[in-house]
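Presented below is the structure to which this report refers.
Just so it is clear, none of the values below were taken in a lab; they were calculated from the coordinates. All values derive from a computational prediction rather than experimental measurement. A quick note on method: Cβ atoms are made from the backbone with ideal geometry, for glycine too, and the neighbour counts reach across all protein chains shown.
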Amino acid sequence: MADAFAEGAKEAGHEVKILHVGKMKINGCLGCEYCHTKGEGKRIQKDDMEKIMPAYLESVMIVFASPIYYFDMTAQLAAAIQRVYCIGKPAKAKKADILTSSASPGTNEGAVRAYKNMLAYMGIEDAGVCSLAGEENKSEEKLAEIREFAKGL
C-alpha cells in the first residue's frame, strides 16, 4: 500500500521519502520532560528517531502506514508517533493520511481513532484513510485506487 501511495504521489510531482520504522530501533517516550525543560525540543534518547525527525519536521504531508496487529497499528509506529511529543506539532505539516492493512475487515478502528485524535490535537487536516483487509490486500484494483488517490492530493 505504501509503495502504491508513493508511486501515485511521485507521479503527481511530489517528493516522497519512505521511512520503514518497523525496521528501526525506536524506544518509547520516557515521559521525562527533558525535551520540554533542558532539551529545548531535543530528545534525551538517541535512537533511530534521529533519522525520522528531520523528515518529519520538513514534511508538508505525513502518511502513516501500518499493518494492523491485534486491532491497532504496530508498536514501532505508535512509538515513533508518541516520540513527536518533544515538538508538539511538525511546523510544516498541513495534511496527513493513514494506510492500514489487515487480514480481517473491521480491525483498523483503534489505529484510525488514534490517528484522528492526534491530527485534531495537532491541527493537521485529515486527507483520508485508506484501509485494505483480507483479499483486498492482493487486489491490483485496490492498489490502483490508492495510486489515484495519492495523485489527487
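The lysines whose alpha-carbon is closer than 23 Å to the alpha-carbon of Lys151, local same-chain residues fewer than 8 away aside, are Lys10, Lys17, Lys92, Lys94, Lys95, Lys116, Lys138, Lys142. If only the Cβ of Lys and Arg carry +1 and only the Cβ of Asp and Glu carry -1, the dipole of the chain around its Cα centre is close to 700 debye.
Checking (i) 46; (ii) 66; (iii) 40 against the coordinates, the calculated percent of Cα pairs over 21 Å apart falls under label (i). Rounded to the nearest 0.05, the FRET efficiency derived from the C-beta distance between Ala75 and Leu153 at R0 = 41 Å is 0.90. Along the axis of the charge dipole computed for segment 2-151 (Cβ charges of +1 for Lys and Arg, -1 for Asp and Glu, origin at the Cα centre), the listed residues Thr37, His20, Ala144 are led at the positive end by Thr37. Rounded to the nearest Å, what's the spacing between the alpha carbon centres of segment 16-55 and segment 67-98? Just the number, please. Here the answer is 12 Å between Cα centres. Residues whose amide H lies under 5 Å from that of Ala65, counting only those 5 or more places away or on a different chain, are Leu99; hydrogens are built 1.01 Å from N in the peptide plane. Couplings for segment 77-93, taken from phi via the Karplus curve 6.51 cos²θ - 1.76 cosθ + 1.60 with θ = phi - 60°, read 5, 4, 5, 4, 5, 5, 6, 6, 3, 4, 10, x, 8, x, 4, 9, 5 Hz in order; Gly and Pro are left as x.
For the chain, find the longest principal axis of its Cα atoms and tell me its angle to the long axis of helix 109-122, 0 to 90°, nearest 10. The helix 109-122 is inclined about 50 degrees to the chain.
Residues Ser66, Ser101, Ser139, ranked from the fewest to the most other C-beta atoms within 10 Å, line up as Ser139, Ser101, Ser66.
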